[in-house]
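S.K.: First, the structure itself, so that you have it in front of you.
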Amino acid sequence: MSDDITTTDQGKVTITQRGYVYDPGMYEFVIYAAGYNVALVNIEVPVPKAPPALSGKVLDERKFEITFEDDPEWRESITDVYDKTSGWWLGTSRVNKTENGKIILDVGKINKPEYEFSIEADGYEYVVVRIIVD
């Protein structure tokens, strides 16, 4: 069995395809299991929602503040933030999304003239915010 297929939950098969993004539309999966009939599963990948407009500024020598018209659904759907300038994921411990209309990013040390962050949120388009360090 592939490492990308999990069958530990009763009545559920989870397929994880790392590094693959499905475009919106309908997909048909064919599942084979020894001793069983072939199963066809149709899955619809919806069109992602648009995130709110973002702006950002430097808070201190470690942190950026990103502000937006609060959208609690989008804010709670954020899964991670990619620091495009430094080339690494911040991870959930460095992304504070507890305040309405605000995300605080802790990058460790601000040492570049500008930064770009790509914010990922389940069910939403990716959004990139660029911040100039003064």
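S.K.: Take region 87-134 and flag every residue that is in contact with a Pro (Cβ under 6 Å, 6 or more places away or on another chain) and closer than 17 Å to Asp60 by Cα.
M.R.: Hit for region 87-134 is Val133, nothing else.
S.K.: Got a sec? Which of Glu120, Glu76, Glu116, Glu69 is in contact with a strand residue (DSSP E or B) (Cβ under 6 Å, 6 or more places away or on another chain) and over 21 Å from Val133 (Cα atoms)? Step through it out loud before you land on a result.
M.R.: Details: Glu76 fails: in contact with a strand residue (DSSP E or B) (Cβ under 6 Å, 6 or more places away or on another chain); Glu116 fails: over 21 Å from Val133 (Cα atoms); Glu69 fails: in contact with a strand residue (DSSP E or B) (Cβ under 6 Å, 6 or more places away or on another chain).
Result of the check over Glu120, Glu76, Glu116, Glu69: Glu120.
S.K.: Also, quick follow-up: Looking at (1) farther than 21 Å from Tyr126 by Cα; (2) assigned by TED's automatic domain parsing to the domain that holds Ile119, can you tell me which one Ile15 breaks?
M.R.: It is condition (2) that Ile15 fails.
S.K.: Does Pro46 meet the test of being exposed (fewer than 13 other Cβ atoms within 10 Å of the Cβ), out of contact with any strand residue (DSSP E or B) (no Cβ under 7 Å at 6 or more places or on another chain) and within 30 Å of Ile31 (Cα to Cα)? Break it down stepwise before answering.
M.R.: Numbers: exposed (fewer than 13 other Cβ atoms within 10 Å of the Cβ): yes; out of contact with any strand residue (DSSP E or B) (no Cβ under 7 Å at 6 or more places or on another chain): yes; within 30 Å of Ile31 (Cα to Cα): yes.
Yes; evaluated as a whole, the condition is true for this residue.
S.K.: Touching a residue at least 40 places away in the same chain (Cβ under 8 Å) and of a type outside the set (Gly, Ala, Ser) - does that describe any residue in region 80-89?
M.R.: So the first thing to find is which residues in region 80-89 are touching a residue at least 40 places away in the same chain (Cβ under 8 Å), and the list is 80, 84.
Checking which are of a type outside the set (Gly, Ala, Ser) leaves us with 80, 84.
Yes, because at least one residue in region 80-89 is touching a residue at least 40 places away in the same chain (Cβ under 8 Å) and of a type outside the set (Gly, Ala, Ser).
S.K.: OK, next. Out of everything in region 6-28 that is outside any loop (DSSP other than H, G, I, E, B) and modelled with pLDDT under 90, what residue ends up being farthest from Ile104 (Cα to Cα)? Before you say what the answer is, go through the steps one by one.
M.R.: In the first step, residues of region 6-28 are kept if they are outside any loop (DSSP other than H, G, I, E, B); the result is 6, 14-15, 25-28.
Narrowing further to those that are modelled with pLDDT under 90: 6, 14-15.
Working: Thr6: 35, Thr14: 33, Ile15: 32 Å.
If we take residues in region 6-28 being outside any loop (DSSP other than H, G, I, E, B) and modelled with pLDDT under 90, then Thr6 is farthest from Ile104 (Cα to Cα).
S.K.: What residue, among those in region 29-53 that are within 16 Å of the chain's Cα centre (by Cα) and among the aliphatic types (A, V, I, L, M), is farthest from Tyr126 (Cα to Cα)? Spell out the reasoning first.
M.R.: Just the residues of region 29-53 that are within 16 Å of the chain's Cα centre (by Cα), to begin with: 45-52.
Filter again for among the aliphatic types (A, V, I, L, M), leaving 45, 47, 50.
Numbers: Val45: 16, Val47: 12, Ala50: 8 Å.
Across region 29-53, the extreme among qualifying residues is Val45.
The values are calculated or read from the model by the stated rules, or taken from the named source; none is laboratory data. This is a predicted model, so every value here is computed, not measured. Note that each Cβ is placed from the backbone with ideal geometry, even for glycine, and that neighbours are counted across all protein chains shown.
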